[in-house]
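Taking it in order: structure first as structure tokens, then the write-up.
Derivation of every value follows stated rules applied to the coordinates shown; laboratory data play no part. Predicted, not measured: the structure shown is a model, and the values here were computed from it. Note that each Cβ is placed from the backbone with ideal geometry, even for glycine, and that neighbours are counted across all protein chains shown.
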Amino acid sequence: MVQRISNRIASFIDALPLAPGQRVLEIGCGPGVAARAVSRRVGSGFVLAIDRSAKAIESAVAGSKAEIATGRLRFLRVAIEDFALPPGEEPFDIAFAMRVGALDGRHPDIEQRALERLRAALKPSGRLFIDTRHPLREIWLRGR
């Protein structure tokens, strides 16, 4: 069964510079709809989707059994401001977040910690995108 994806999520994913083989980190994955769609787009790549909510992770895992079985999608319960690459995990090419308070200006007190964690989790050339309903905005993590 293919779960219907909202136009907002579909537009956001369409705007991401995804390519086969990429490693992608989703921040605030909720029930996993975007993570599953991105996993299909990156093919042999890998998606790690995180959320601070145990209920969200439980729902995402329950709806993603086929994708998880491929070894190309995994879910982890952790807040972005506390995230660290799991042991043996390679850095990511792209990170993205849709409606995540720690990255959209709603919680500036934790945003700086979240950005530091993302700098450490992304490759030197890695890119971060957030939902702005236009449909996305890139946040520069390194001086360029």
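For region 1-60, trypsin sites (Lys or Arg not before Pro) are listed when DSSP marks them as loop and at most 10 other Cβ atoms sit within 10 Å of their Cβ; the list is R4. By the count of other C-beta atoms within 10 Å, a proxy for reagent exposure, E26, E138 are ordered fewest to most as E138, E26. Amide H to amide H under 5 Å from V47: which residues, 5+ apart in sequence or cross-chain, H placed 1.01 Å off N in plane? HN-HN under 5 Å from V47: V24, L73, R74. Overall, region 7-139 carries a charge dipole of about 320 debye about its Cα centre when +1 sits on the Cβ of Lys and Arg and -1 on the Cβ of Asp and Glu, all other atoms neutral.
When I139, I27 are sorted by how many other C-beta atoms sit within 10 angstrom of their C-beta, beginning with the fewest, the order is I139, I27. Listed options for semi-axes √(5λ) of the Cα gyration tensor in Å are (i) 34, 18, 10; (ii) 21, 16, 16; (iii) 26, 16, 13. The value calculated from this structure is the one marked (ii). Across region 103-117, computed HN-Hα scalar couplings (Karplus, 6.51 cos²θ - 1.76 cosθ + 1.60, θ = phi - 60°) run 10, 10, x, 6, 9, x, 5, 9, 4, 4, 4, 4, 5, 4, 4 Hz from first to last residue, x flagging Gly and Pro. Of the residues F92, G28, G45, the one whose Cα sits farthest toward the positive end of the charge dipole of the chain, with +1 on the Cβ of Lys and Arg and -1 on the Cβ of Asp and Glu, is G45. Just checking the listed ones, L73, L118, L85: in the Gaussian network model of the chain with Cα springs under 10 Å, the one fluctuating most is L85.
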